[in-house]
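Visitor: This is the structure, below, for whatever I ask next.
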Amino acid sequence: MKIQIVNPNTSAPMTAKIAAAARTAAAPGIEIEASCPEHGPVSIEGHFDEAMAVPGLLEEIERGVATGCDAHVIACFGDPGLHAARELAHGPVLGIAEAAMHAASMIATRFSVVTTLERTVVIAERLVREYGMSDHCARIRAAEVPVLALEETGSHAERRIVEECRRARDEDRAGAIVLGCAGMADLAGRIGDELGVPVIDGVNVAVRFAGALAGAGLGTSKHGDLALPLPKAFIGRYAGWSA
Ligand code: 2AL
């Protein structure tokens, strides 16, 4: 089985980190195909960044479908382009926020999310509502860490995230903590050990859920709104998407 994981931002170091986390999570015999778009923002920290990342992400998903990937994971916590990607794919397509919130709701009554910048909180709040997690999510906290600071050695990013996770544990009555950025994929184990609560990295659980769904013979429904996109003409820079 082959699982595609796409980092929708264009940071090569972050893509390498996500690929490594995905390979660690993948069951034996599962091949991981990891990539990021050729065009787009280096980090995704708001609505504009998300919108600008989606066309490149969809090109990667189309390539993953063409190369025979059995399942797909979108490795950005806003789950940008998730429903559009599902229209393109036959296999399951999972977002890391979706996977992490569902995992958290299965192992704790309440969870908190620790994300990067304050301006991304509203994006995660919207996903909490969309995924029916309002009764499970205690709070969404920002560590005020820019996404690319997670790739810099000596940036104190990890310390700030640990302290925000500690506050989530102590002040929110959160039984589990969800990390709100794919760039935090290498931190979950260490923070969980330090704080003594489950800390969930969405890359890890999304790869496992995607493998489980595809392994069970389940793919994206092609009945209804997730059917293949309607064939039509696209003009200008998107002419290549024309039927
Ligand atoms: C993210 C993420 O996972 N990747 C990225 O570029 N931005 N999420 C976030 N909350 O900042």
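Visitor: Listed residues Ile123, Ile107; which is within 11 Å of the ligand (Cβ to nearest atom), in contact (Cβ under 8 Å) with a residue 60 or more places away in the chain and either open to solvent by 10 Å² or more (accessible area, probe 1.4 Å) or within 16 Å of Asp49 (Cα to Cα) (or both)?
Guide: Just a single option satisfies the conditions, and that option is Ile123.
Visitor: Taking the conditions exactly as written (near the ligand (Cβ under 10 Å from one of its atoms), in a helix (DSSP H, G or I), farther than 22 Å from Cys165 by Cα and open to solvent by 20 Å² or more (accessible area, probe 1.4 Å)), does Glu50 satisfy them or not?
Guide: yes
Visitor: Can you name every residue in segment 170-192 that is of a type in the set (D, E, K, R) and in contact (Cβ under 8 Å) with a residue 40 or more places away in the chain?
Guide: Those that are of a type in the set (D, E, K, R) and in contact (Cβ under 8 Å) with a residue 40 or more places away in the chain: Asp172, Arg173, Asp186.
Visitor: From the set of residues in segment 1-25 that are hydroxyl-bearing (Ser, Thr, Tyr) and part of a helix (DSSP H, G or I), which is nearest to Glu125 (Cα to Cα)?
Guide: Per the stated criteria, the residue is Thr15.
Visitor: Failed condition for Leu57, given (1) under 24 Å from Ala243 (Cβ atoms); (2) away from the ligand (no atom under 16 Å from the Cβ); (3) of a type outside the set (Val, Ile, Thr), with all others met?
Guide: The single condition Leu57 does not satisfy is (2).
Visitor: Scan segment 53-70 for residues that are open to solvent by 30 Å² or more (accessible area, probe 1.4 Å), closer than 21 Å to Gly29 by Cα and touching a residue at least 24 places away in the same chain (Cβ under 8 Å) and jot them down.
Guide: Across segment 53-70, the qualifying residues are Val65, Thr67, Gly68, Asp70.
Visitor: Return the pairs, sorted by first residue and then second, in which the second residue is small (Gly, Ala, Ser) and in a loop (DSSP other than H, G, I, E, B), the first residue lies in segment 216-243 and is loosely packed, with under 10 Cβ neighbours inside 10 Å, the beta carbons are less than 7 Å apart, and the residues are 6+ apart or on different chains.
Guide: Pro231/Ala243; Lys232/Ala243; Ala233/Ser242
Visitor: Is it true that Pro28 is free of Cβ contacts under 8 Å to residues at least 12 places away in the same chain and either within 16 Å of the chain's Cα centre (by Cα) or not in a helix (DSSP H, G or I) (or both)?
Guide: yes
The values are calculated or read from the model by the stated rules, or taken from the named source; none is laboratory data. It should be emphasised that the depicted structure is a prediction, and the values quoted were computed from it without experimental measurement. Cβ coordinates were reconstructed from backbone atoms using ideal geometry, including for glycine residues, and neighbour counts include every protein chain displayed. These area figures cover heavy atoms from the full protein model, side chains too; ligands, DNA and RNA do not enter into them. Shrake-Rupley method; radii C 1.70, N 1.55, O 1.52, S 1.80 Å.
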